[in-house]
1. Per residue, how much accessible area does the range 39-100 have with a 1.4 Å probe, in Å²?
2. Could you check how much of the accessible area of the range 39-100 is carbon and sulfur, as a whole percent, using a 1.4 Å probe?
3. Kindly report, to the nearest 10 Å², the accessible surface of residue 67 as traced by a 1.4 Å probe over protein heavy atoms only.
4. Heavy atoms only, 1.4 Å probe, whole protein assembly: order 59, 43 by accessible area, highest first.
5. Would you please classify the overall shape of the range 36-102 from the alpha carbon gyration tensor, given that a ≥ b ≥ c denote the square roots of the eigenvalues, rounded means a/c under 1.5, and beyond that prolate means a/b larger than b/c while oblate covers the rest?
6. If you only keep lysine pairs separated by 8 or more in sequence, or across chains, how many in the range 39-100 come under 26 Å at the Cα atoms?
7. If you rank 76, 65 by how much accessible surface each has, with a 1.4 Å probe, what is the order from largest down?
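The values are calculated or read from the model by the stated rules, or taken from the named source; none is laboratory data. What you see is a predicted model, and the numbers here were worked out from it, not measured in a lab. For the accessible areas, the whole protein counts, side chains as well, though only heavy atoms, and no ligand, DNA or RNA atoms are used. Shrake-Rupley method; radii C 1.70, N 1.55, O 1.52, S 1.80 Å.
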Amino acid sequence: MKLVLVSFASACMFLLADAQYGYGDHHDHHEDYPHEPAHYTFEYKVHDPHTHDVKSQHETRSGDDVKGYYSLVEPDGSIREVHYTADKHNGFNAVVHHKKHY
């Protein structure tokens with residue numbers, strides 16, 4: 001379920017940017033600058049001993065290629081780790097690993 005939320009959140013961010021800056025409306029819009037491919041690196045980590053919330057995410061984008069991973073500690077103590085890639089040729093692909101906490 002978390003994998004879908006991350007993908008959905010990313011899609012919402014891009015849709016909001018399209019709506020806010022008018023990128024989605026190319027009919028009457030004249031750009032005075034060339035489109036540059038998107039490049040970014042994003043990372044966060046949470047380790048809250050009070051709530052036992054432990055999670056992290058790292059993502060990079062270079063043009064149309066996105067690579068990343070996220071991990072989180074499940075309520076039963078196991079660790080879910082998801083590595084994903086996305087590009088215009090292969091779409092979104094993810095590999096999910098579960099590690100038991102001993």
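1. I get 69 Å² per residue for this part.
2. Reported share for carbon and sulfur atoms: 53 percent.
3. Result for residue 67: roughly 130 Å² accessible.
4. Of 59, 43, the descending order of accessible area is 43, 59.
5. Since a/c reaches 1.5 but b/c is at least a/b, the shape of the range 36-102 is classed as oblate.
6. Taking the range 39-100 as the scope, the lysine pair count is 10.
7. Descending order: 76, 65.
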